[in-house]
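The values are calculated or read from the model by the stated rules, or taken from the named source; none is laboratory data. The structure displayed is predicted, hence computed values, not measured ones. Cβ placement follows ideal geometry from the backbone for every residue including glycine, while neighbour counts extend to all protein chains displayed.
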Amino acid sequence: MTASRVVLGQVRKRFGRLEVLRGIDDSIAPGRITALVGPNAAGKTTLIKLILGLVHPEPGSLIEVDGIAVNGDPSYRRRIGYMPQAACFPEHLTGRELLQLLTGLRGQREGLDEELLQRFRLAASLDRPVRTLSGGTRQKLNAVVAFLFRPSLLILDEPTAGLDPVAAGILKEKVLRAPGEGTTVLLTSHLMSEVEELAQDLRFLLDGSIAFRGTIAALLAESGEPRLERAMARLLEAAGR
Amino acid sequence: MSVTRKVLAAQLRNVARSRWILAYGLLLLGLTELLLRFGGSGERALLSLLNVVLLLLPLVSVVFGTLYVHNAREFIELLLAQPVSRGSLYLGLFGGLVLPLAGAFLLGVGVPLLLQGGGEPGYLRHCVLLLGAGVLLTLVFTAFALCVAVRLADRAWALGAALLVWLGCSLVYDGVILLVTTLFGAYPLEGPLLVLIFLNPVDLARVLLLLSFDISALLGYTGAVYERFFHGGVGSGLAVLMLLLCAAVPLALGARWFRRKDF
């Protein structure tokens, strides 16, 4: 599969009176790693969930993955691997049953990417009910699920939260190799060091609008700061926050 | 359809391993045994059992269902991020709740009932009727549970609403009927009461069962009307149909909300 392109046109979303996204126009380039950053409640998770079809946009919004409009037909999600912020699985199922369920739902049993399963040494934990696994182990399982079907679009919401440094290192290394294997990566993170390490492209979301769009290098050059963390603070100051 | 089946199979495993389902089945088993041993002859024990079924089944179905769907929220999100349509996932969720709940009921109540096997004629028919009505009530109140859990995102609100549904159907509704009969006692009420009873699944199940036990005299002067209405195949058939409708309407409403929901 070739890496996916995501196109957003005038994407709006409101929850009641709260306007979470105020007309986002964007294009996520294929085969690159794009980081979605911004303060809490900026709309990052909502934007991700819109792409996944978990949240319905306001009428007039356009969301396309590889030219297929996201409008209720679920088949485009065959291309997507998703790692949510908190891994929460049915507590009485074992990891193996969970993976079986997902491979069954995807109808894809061949050519699975089980690299993370091996590198996280999860084999021994797979036959235990999920509720007996530690939070970190569940998060590892979560990462395995995201990569398993070799998606052309990988969406990672705070991927390393809850992982120990070794596991986080393994995951980051895997993410960095994804573009070479034909996968577009869209990730959110609050760790600027992680963003600098992983991403080439950056979207800075502030109050439901994109306050910066470009490469990380461009942002650093523009702000004259050596570190992303300071550059971000500058952006926030400029926005009057 | 295959998505529904796969989700259902996984749900079934998950729910069936839950300690709550086991506790529910054991509770019913214990109650049934107790009533059969100490509740008098087969017919009378069945009557007491009927009251347990009418009170306990709706409560457990609606509360367990609501809490389960709320707990599964993140997992539902993960499943919806797969190439899975919302409609089939919803049906899988419903089936995955109904089957274990109905299974626990059928085993917990059905096994001791059938083992006891009273010699009276019609005992078996009454047992089957009781089990059938229990399964229908489980369907109805699981559908209510899904409806409530999908609509109300807040856990406490959802649980409160679930309890209100149960309270309304089990107690408040009867109070209203009683009020109506005392207030308008001077008028011929058989028709309106029949309609009122047809609108509450718990009442429907109760009348359906009581009449089959040949104790319609207990229902007072309107009993004769119900007897005439329900005793024929048409009346009972209509009652079963109405119970199915009581499940279908909240199920469809919940599906509609589920399709439009923002997760």
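Remarks
- Single unsatisfied condition, B:PHE94 versus (1) assigned to a loop (DSSP other than H, G, I, E, B); (2) buried (at least 20 other Cβ atoms within 10 Å of the Cβ); (3) not small (Gly, Ala, Ser): (1)
- Answer from B:VAL84, B:VAL63 - the residue that is in a loop (DSSP other than H, G, I, E, B), under 20 Å from B:LEU251 (Cα atoms) and not polar (S, T, N, Q): B:VAL84
- Residues located in region A:76-105, provided they are over 15 Å from B:VAL84 (Cβ atoms), surrounded by fewer than 22 Cβ atoms within 10 Å (Cβ to Cβ), within 7 Å of chain B (Cβ to nearest Cβ) and of a type outside the set (D, E, K, R): A:ALA86, A:CYS88, A:HIS92, A:LEU93
- Every condition in (1) out of contact with any Pro (no Cβ under 8 Å at 6 or more places or on another chain); (2) surrounded by fewer than 21 Cβ atoms within 10 Å (Cβ to Cβ); (3) farther than 29 Å from A:CYS88 by Cα is met by B:SER88 except one, and the failing one is (3).
- For first residues located in region B:29-52 and in contact (Cβ under 8 Å) with a residue 24 or more places away in the chain, partners that are assigned to a loop (DSSP other than H, G, I, E, B) and among the charged types (D, E, K, R) and lie 6+ apart or on another chain with Cβ distances below 6 Å form the pairs B:GLY42/B:GLU120.
- Residue check for A:THR34: more than 23 Å from B:TRP257 (Cβ to Cβ), of a type in the set (Ser, Thr, Tyr) and in contact (Cβ under 8 Å) with a residue 40 or more places away in the chain: yes
- Screening B:LEU124 with (1) surrounded by fewer than 20 Cβ atoms within 10 Å (Cβ to Cβ); (2) within 25 Å of B:PRO250 (Cβ to Cβ) gives one miss only, at (2).
- Top-ranked residue of region A:20-57 - restricted to ones that are farther than 19 Å from B:ARG86 by Cα and within 14 Å of chain B (Cβ to nearest Cβ), ranked as surrounded by the most Cβ atoms within 10 Å (Cβ to Cβ): A:LEU47
- Residue selected from region A:106-141 under the condition part of a helix (DSSP H, G or I) and among the aliphatic types (A, V, I, L, M), by the criterion surrounded by the fewest Cβ atoms within 10 Å (Cβ to Cβ): A:ALA124
- Summed over region B:1-22, the residues that are farther than 20 Å from B:LEU107 by Cα and within 8 Å of chain A (Cβ to nearest Cβ) give a count of 4.
- When every residue of region A:129-152 is checked against the conditions, at least one turns out to be under 23 Å from A:SER193 (Cα atoms), within 11 Å of chain B (Cβ to nearest Cβ) and modelled with pLDDT of 90 or more.
- Per the listing B:VAL60, B:VAL52, B:VAL69, the residue uniquely modelled with pLDDT of 90 or more and either away from chain A (no Cβ under 13 Å) or farther than 26 Å from A:LEU101 by Cβ (or both) is B:VAL60.
- Residues in region B:88-118 that are small (Gly, Ala, Ser) and in contact (Cβ under 8 Å) with a residue 40 or more places away in the chain: B:SER88, B:GLY92, B:GLY95, B:GLY96, B:GLY103, B:ALA104, B:GLY108, B:GLY118.
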